[in-house]
Amino acid sequence: MKKTIYLIILTLLSTGVFAQEITLKGVVTSADDGMPLPGVTVVQEGTTNGTITNIDGVYQLQIPANANVRFSFIGLKTQIIPVNSQTEINVVLETETTGLDEVVVIGYGTQKKEDVTGAVSMVNAETIENIKPVKVEQALQGTMAGVNVTTQSGAPGAGLDIRIRGISTNGDASPVTIIDGYQGDLSTLNPSDIESITVLKDAQAAIYGTVGANGIILITTKSGKKNTPTRVTVNSSVGIQKTSRKLPVLNATEYAVLLNEAYAANGQDLPYANISGLGTGTNWQNELFETAPIYNNDISVSGGSEKMVYALSASDLHQEGIIGRDKSGYDRNTAKVSLGADLADWVRFKSSLMFTTIDRQSFNDFGLASVLFNGINMPSTISVYDENGDYTLAPSNLGIEIINPLAQVANTHNAYNLKKWNGNFGLDFDITQHIKATSRIGFNTSNSNYKSFSKIIDYGGKVFDVSRSSVTQEKKSFNDYTFDTFLTYDNTFNESHHLTVTLGTTVFKTWGDHLEATGYDIPNNSWEFADIGLANGIPNSKSADSWTYDQRRLSYFTRLQYDYNGKYLVSAMLRRDASTKFGPENTVAYFPSTTLGWNISKENFLKDKENIDMLKLRLSYGILGSDKIDDYQYFSRLSGEGTYVLDGTLVNGTAVGASPNPAIKWEESEQFDVGADVKLFNNRLDINMDYFVKKTNNLLIGNIPVSGILGVGAPGAAGPTVNAGTVKNSGFEFAIGTRGSIVKGFTFDVNYNLTTLKNEVLEVNNGSGFVVGGGFGVGQPLPARMEVGLPIGYFYGYKTDGLFQSQAEVDAHPSQTALGAEAAPGDIRYVDINNDEVIDSDDRTNIGNPIPDITMGLNVSLKFKGFDFIAYSYASIGNEMVRNYERVQPNANKLSYTLARWTGPGTSNKVPRITTAATSNNVFSDFYVEDASFLRLQNLQLGYTIPGRLTEKIKISSLRFYGSVSNLFTLTNYTGYDPASSVGGGERESDEFGSPLGAGFDAGVYPAARTFTFGLNLNF
């Protein structure tokens, strides 16, 4: 009987235990507007048992009746609620202390946003998701004050140039990117893998020493979060790309009329005796531009338990070009794994590993004789194909540079492949309650292969003719690692004095090699057989080249941060760098900086003001450096050419190249900033203002004049590179953002930023007082300069004063014969700048510059129930560009503005006469300089999220469909393809994209595509 009673009691107890497992459900809404919150993490405290709310804010979870449940969402206060056998709990989440507790990455640590004393800008994952950039850099266009992003070309995979607070050097002005603590590269990242982008714009970047002068971009990649259930996200999109612009050129009839006029003006026979049947002819741009697809897919899986977090992702991007399709195609594939674990209560492990492959094909898409350069200048009277179905040859009277652009694309063969691994591994140690140690190593290792094939081709006596086939193959290896070890002491004394001290060391090493060879006489004159192993021709000269490099940097750094009751803030930093890039006389550099802050809103006279969440003043000053210089400039290198006599025979060989400079050192940037941060009305209004001055000393200037006895005039030789320049950038930054709800269910978020900039060169101590670069036309003097008192890279040419309307005006004006021809009525009249009654090279002056005076961004986000709408735009004001895509050749086609040419007195005062005779109208002058200010609607997107009550039936947390248009329109008076490109190209080796000396010269750059995209975002 007793056994029976015990059995009954045990059964009842067991039933009671199992009865504790209940189904908990409810709705999570926002305290701001009462709207449901999708994506809120709902987790049983201390476990991984959890879920997320659907689009309607609804959740459902199996949970013990006596458990606690955690509700969390980024930017909102986390709530932990005891279940107490309830089966329904509705939760209202409030904004997280007006955003002031948000953590900002500042380099070797983090800081609460309200305690930041430097000029810092951020872009979060939501903004990146809204913009949906192909490349990460595009997420910074128009979203940050003080950060200007320009495209090098609209071709798929082309690079972008980032400039933070102006151009501070005549060399490489790009900022350094730090990915999860190690030095890395933005261009190979998948944008969907990024959690946040933080830009350090002032002296706060001094913690990075010799790499901080141009600004620091800090990338934090996505990782799993503790106590969250597994979440799978799928993003997929397909798009159609079209050209955003075509230039208005003359059709066949217009071309023939103007060409007849030009020949007649010079007393020559008319080339077109009958123009009645010409019609419109060939529109070469229509023939070149195509509709091209773009596909982008990525998937991610993330989650975490109490002791471990994980995140995995993979992506696939395929983009074809709007010219040549796969001939300018770009493919990128990425995979990423991130793992973190608490190895003990006092030890945490973090890791991230990424793999990227890139495949790209390209053609000349930006320089002189680019595909579009030929497309613009090829006469519309010529057909694409001849009567045999072959590409028509451009006639010899077009000069030796212009060829059939479609033949140019078809006969261009190359392939580039990159394979890259990068990642980091680190440990955090809690040594004591107040002392933490971090040790981590990050790395990049990449291998690239490039192959180009030149087939035997005859374009009809052009410079592009190839009489002997060849293949060139390159292999490059780039490697680096960053090893950091640092201690952080953090403590608060007497509940008022908060002190944080960081002390550490960094070791950075980069090394690599390159091997290149060329083979001749390719079998079958075919790309399919283009391989050095199959080439059997004997080279006429050296056909192989190689190089190797190894650079290292050892650094020590410390930072002290102090605040009193969060009101008075101070941060002081010092970094010591020893770098093998600098000469033996300047191996070591020191970089100090200080930042101050006063949080006025915490003073007694303001802290009770209900509508003022934060009012903070900031001040910073520091010295930063840049080691972005060529390697080994402090000793002699065998990079020159020499001819020697061996056994009575002349033999070509190698000789000393540029003269060395053992005193070469880093460029030094002196930066000052004063700013204010304001938050009002419970985080509904943000205002940030900064005034900055950035003065860069010791700019490196090459080929300094020295005695010819040193052999600097020999082939490949040059004068030394010395620290001999100074440039200053100053300006004002303003950013304002507002967010809130208009009516229930309708929320908005609007952000605007503006930056003004003045760039001025203060010193050029190279003997001549200026440095030249850039390139215009063929055989003309280098048209860009770096000179004291003017912007870096300004345009140096002739100022015009309308056109001569009569011979009397020509006779009354100083002679222009020194420019190449005697003037005649209808020619351009140039200004006698020095008043010496002669127009010659001494009359050249400042006629414009490519640096904008103002840049702006306006971004709007609207949400109404399941619908969402975003619009991102940016603008540039005051920048100028040069039309360098018009071939100065009488028989080349011309832009339609020439229809308004001068044909007699009073007919035009802008467009000169048409003639085949020699004139001075083609010298570099402000006639070719245009205002390239623009406003661009970068992205317009409309999305709809399916109601959760429908998707939850198929186990989907959220499902969103969207359509977007990028580069919808650009408002500008510039007549070229793209005013937003950092076009350049010159006659110096350093005049590459991004170089200030050469920027702004448009030789027919590949335009940015207008893309129509349709996609979905899926979470489950």
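Applying the set (1) closer than 30 Å to Y872 by Cα; (2) at pLDDT 95 or above to V923 leaves exactly one unmet item: (1). Scanning segment 529-565 for residues that are part of a strand (DSSP E or B) and either hydrophobic (A, V, I, L, M, F, W, C) or more than 30 Å from G583 (Cβ to Cβ) (or both) yields a count of 9. Please list, ordered by first then second residue, the pairs with beta carbon atoms under 6 Å, 6 or more apart or interchain, first in segment 19-38 and aliphatic (A, V, I, L, M), second part of a strand (DSSP E or B) and at pLDDT below 85. Pairs that qualify, where the first residue is aliphatic (A, V, I, L, M) and the partner is part of a strand (DSSP E or B) and at pLDDT below 85, are L37/S30. Determine whether segment 114-125 contains at least one residue that is more than 22 Å from G146 (Cβ to Cβ), modelled with pLDDT of 90 or more and out of contact with any His (no Cβ under 9 Å at 6 or more places or on another chain). No. Taken together, the residues in segment 122-147 that are touching a helix residue (DSSP H, G or I) at 6+ places or on another chain (Cβ under 9 Å) and either in a strand (DSSP E or B) or of a type in the set (F, W, Y) (or both) amount to 3. Among the residues of segment 663-685, the ones that are farther than 19 Å from L569 by Cβ and assigned to a strand (DSSP E or B) come to 6 in all.
Yes/no matrix, rows are residues, columns are (1) more than 23 Å from I956 (Cα to Cα); (2) more than 29 Å from the chain's Cα centre (by Cα):
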site	(1), (2)
G46	yes, yes
I52	no, yes
I63	no, yes
F73	no, yes
T95	yes, yes
I106	yes, no
G109	yes, no
V116	yes, no
V120	yes, no
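Would you pick out the residues in segment 740-796 that are among the aromatic types (F, W, Y) and in a strand (DSSP E or B)? Residues satisfying the conditions are F746, F748, Y752, F770, Y794, F795, Y796. Between N190, N148, the distinction of being closer than 30 Å to T78 by Cβ and buried (at least 23 other Cβ atoms within 10 Å of the Cβ) belongs to N190 only. Considering every residue within segment 756-779, establish whether at least one is of a type in the set (A, V, I, L, M), under 30 Å from N130 (Cβ atoms) and at pLDDT 95 or above. Looking through segment 756-779, at least one residue is of a type in the set (A, V, I, L, M), under 30 Å from N130 (Cβ atoms) and at pLDDT 95 or above. If the condition is being over 27 Å from the mean Cα position of the chain (by Cα), crowded, with 19+ Cβ neighbours inside 10 Å and assigned to a strand (DSSP E or B), then segment 408-430 contributes only G426. Among residues of segment 864-890 that are more than 30 Å from L959 (Cβ to Cβ), those with a Cβ under 8 angstrom from a residue that is part of a strand (DSSP E or B) and small (G, A, S), sequence gap 6+ or separate chain, pair up as Y874/G857; A875/G857.
So, S541, is that one at pLDDT below 95 and either within 30 Å of D484 (Cβ to Cβ) or within 31 Å of the chain's Cα centre (by Cα) (or both) or not? Criteria not met by S541. Consider segment 640-682 and keep the residues that are in contact with an Asp or Glu (Cβ under 6 Å, 6 or more places away or on another chain) and surrounded by 20 or more Cβ atoms within 10 Å (Cβ to Cβ). The one that is nearest to I701 (Cα to Cα) is W666.
Just one residue in the set Y752, Y796 is at pLDDT 95 or above, over 30 Å from D690 (Cα atoms) and out of contact with any His (no Cβ under 7 Å at 6 or more places or on another chain); that residue is Y796.
Among the residues here, S192 does not qualify as modelled with pLDDT under 90 and assigned to a helix (DSSP H, G or I).
Would you pick out the residues in segment 881-912 that are touching a helix residue (DSSP H, G or I) at 6+ places or on another chain (Cβ under 7 Å), assigned to a helix (DSSP H, G or I) and under 23 Å from A394 (Cβ atoms)? Once the filter is applied, which keeps residues that are touching a helix residue (DSSP H, G or I) at 6+ places or on another chain (Cβ under 7 Å), assigned to a helix (DSSP H, G or I) and under 23 Å from A394 (Cβ atoms), segment 881-912 yields only T898. Criterion applied to S555, S543 was being of a type outside the set (K, R), within 30 Å of A517 (Cα to Cα) and buried (at least 17 other Cβ atoms within 10 Å of the Cβ), and the one residue passing it is S543. Considering segment 755-771, the residues that are surrounded by 18 or more Cβ atoms within 10 Å (Cβ to Cβ) and not hydroxyl-bearing (S, T, Y) include one that is farthest from P791 (Cα to Cα), namely N766. Applying the selection to segment 229-286, what residues are of a type in the set (V, I, T) and farther than 16 Å from S896 by Cα? Listed by number, the residues that qualify are T230, V232, T233, V234, V238, I240, T243, I275.
Restricting the first member to segment 601-625 and to residues that are touching a residue at least 40 places away in the same chain (Cβ under 8 Å) and closer than 28 Å to N697 by Cα, and the second to residues that are of a type in the set (D, E) and surrounded by fewer than 19 Cβ atoms within 10 Å (Cβ to Cβ), the beta-carbon pairs closer than 7 Å and six or more apart or on different chains are I623/E670.
The criterion of at least 1 residues that are among the acidic types (D, E) is met by the following strands (runs of 3 or more DSSP E) wholly inside segment 431-528: 470-493, 497-520. Of the residues making up segment 81-91, one or more are at pLDDT 90 or above, within 30 Å of V860 (Cβ to Cβ) and over 23 Å from the mean Cα position of the chain (by Cα).
Taken over segment 370-398, residues that are farther than 22 Å from D326 by Cβ, surrounded by fewer than 20 Cβ atoms within 10 Å (Cβ to Cβ) and in contact (Cβ under 8 Å) with a residue 40 or more places away in the chain amount to 6. With respect to T595, determine if the residue is of a type in the set (V, I, T) and free of Cβ contacts under 8 Å to residues at least 12 places away in the same chain. Criteria not met by T595. All of R637, R576 fail the test of being within 30 Å of T721 (Cα to Cα), outside any strand (DSSP E or B), touching a strand residue (DSSP E or B) at 6+ places or on another chain (Cβ under 8 Å) and not hydrophobic (A, V, I, L, M, F, W, C), apart from R637. In segment 818-842, of all residues being of a type in the set (S, T, N, Q) and free of Cβ contacts under 8 Å to residues at least 60 places away in the same chain, the one that is nearest to P781 (Cα to Cα) corresponds to N834.
The values are calculated or read from the model by the stated rules, or taken from the named source; none is laboratory data. The structure displayed is predicted, hence computed values, not measured ones. Using ideal geometry, Cβ is built from the backbone for each residue, glycine included, and neighbour counts are taken over all protein chains shown.
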